[in-house]
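The values are calculated or read from the model by the stated rules, or taken from the named source; none is laboratory data. Given the structure is predicted, the values throughout are model-derived calculations rather than measurements. Cβ placement follows ideal geometry from the backbone for every residue including glycine, while neighbour counts extend to all protein chains displayed.
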Amino acid sequence: MNSNWLLIFSLFLISCSKDEAGPPEPDPVSPEGEMVIEGGGQFYSKKVFVDLSENKQLSIDRTGWDLGFYTGTEFRVILNSSTGMMARKLDKSDITAVSAADTAGFIEEVSFNAFSTDALAYIDYPDGDLNKTAIAEISSNADDNKVYILNRGAGVGNPAPERGWKKIRVLRNSNGGYTLQHGDINATTFTEVQLEKSGDHYFRYVLFENGEVEVEPEKDKWDFAWTYFSNVTSFGGGEIPYPFQDFIITNRNVQTAMVKDSVLNFENFVESDLNGLTFVGTQNSIGADWRAGGGPSTAPAIRTDRYYIVKDANGNYYKIKFTSLTRDGERGYPSFEFKLVKKATS
């Protein structure tokens, strides 16, 4: 009898522990979904980060930052390409010695209005290569770090307001991070910001008016971003910077491949079809390719003949197809659908 009661009591305890554990946790990897990107409407006021595995988006003001400071091993600084920002280096190392006299001709040259191959040197190249930024790598030798004149680009609206000009100088600090000096063109003093290289983000961001600000999600928490963007085009004589609406930026730890419907229909693409695809890891691997038109004679429209395979930072594979450029006829709200093709193995 005693052994039987012991068995019953043990089974009771096991049953209670199962009840306390509750239902199993939901799968953190979304199997499929549809999304309308909340881009802010016809003036493209937002930059929107998308995380497929969590089926969510983060929308920020695209004018809410100026510079990004890389947290990796290199000392690199990026411009806010979603405002048309440009930077030109001077041959001076003292920011207080720079005035409007040092910027003669800059209004015409350091601008998208220049429509010149010379302006290519003043933007960060669209593929996201940190060796091709407008601001040179920050040197350990302070004297090598020159002053730059920045055109902050344009804001949101029609006409879009000019965001003005700044002068900056960036140094390495004693803590292994960055020191940013910035001021108005004719200022004899400057504001200084100290930035660390730590954190779970690829970049630390600064808005001149506010100092350090939060912008993008953690590096493993987004796959691509939709934004207004500083792109390039060529008419046979070299690449020329120009502003592009509806650009797709791929995260640095994400790879993509494009598939034509004529080769394999979106609905029929399965895990075995991943074999043989060529994946690309550049920032502009989708870029402007997902839509067509937008020139003087052609209205922009979704390319319906293609879709994309996205391999995220965790090794999940998704297929994604853009389905609309507008919401109720208004630009700035494109939509897409996605489905999980292969879940990452733990």
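Structure notes:
- Only one of the listed residues (PHE75, PHE106) is within 18 Å of GLU192 (Cα to Cα) and not assigned by TED's automatic domain parsing to the domain that holds ALA313. That residue is PHE75.
- Residue within region 57-65 that is touching a Leu at 6+ places or on another chain (Cβ under 6 Å) and within 16 Å of GLY128 (Cβ to Cβ) present: no
- Considering region 41-56, and only residues there that are part of a strand (DSSP E or B) and touching a Phe, Trp or Tyr at 6+ places or on another chain (Cβ under 7 Å), the residue that is farthest from LYS339 (Cα to Cα) turns out to be VAL48.
- Tally, over region 249-300, of residues that are of a type in the set (S, T, N, Q), closer than 19 Å to GLY33 by Cα and assigned to a loop (DSSP other than H, G, I, E, B): 1
- GLU209 under 17 Å from the mean Cα position of the chain (by Cα) and part of a loop (DSSP other than H, G, I, E, B): no
- Some residue of region 316-333 being outside any loop (DSSP other than H, G, I, E, B), assigned by TED's automatic domain parsing to the domain that holds PHE43, more than 30 Å from GLY41 (Cβ to Cβ) and charged (D, E, K, R): no
- Residue that is surrounded by the fewest Cβ atoms within 10 Å (Cβ to Cβ) [pool: residues in region 291-342 that are over 16 Å from GLN255 (Cα atoms) and among the acidic types (Asp, Glu)]: ASP328
- If you check LEU130, LEU120, LEU150 for being crowded, with 19+ Cβ neighbours inside 10 Å and at pLDDT 95 or above, only one passes: LEU150.
- Considering residues of region 100-116 that are assigned to a helix (DSSP H, G or I) and polar (S, T, N, Q) only, the residue modelled with the highest pLDDT: THR103
- Annotation note: of ILE135, ILE149, the sole residue that is closer than 17 Å to TRP65 by Cβ and among the aliphatic types (A, V, I, L, M) is ILE135.
- Elements of type strands (runs of 3 or more DSSP E) in region 140-196, at least 3 residues being closer than 14 Å to ASP102 by Cβ and not acidic (Asp, Glu): 148-151, 165-172
- Candidates SER59, SER93: the one that is touching a strand residue (DSSP E or B) at 6+ places or on another chain (Cβ under 8 Å), of a type in the set (Ser, Thr, Tyr) and not in a strand (DSSP E or B) is SER93.
- Considering only residues in region 166-201 that are of a type in the set (Ser, Thr, Tyr) and within 24 Å of the chain's Cα centre (by Cα), the one that is surrounded by the fewest Cβ atoms within 10 Å (Cβ to Cβ) turns out to be SER198.
- Flag for ALA119 being more than 29 Å from ASP200 (Cα to Cα), without any contact (Cβ under 8 Å) to a residue 12 or more places away in the chain and not assigned by TED's automatic domain parsing to the domain that holds THR256: no
- You will find that of THR103, THR73, THR96, THR63, the residue that is without any contact (Cβ under 8 Å) to a residue 12 or more places away in the chain and among the hydroxyl-bearing types (Ser, Thr, Tyr) is THR73 and no other.
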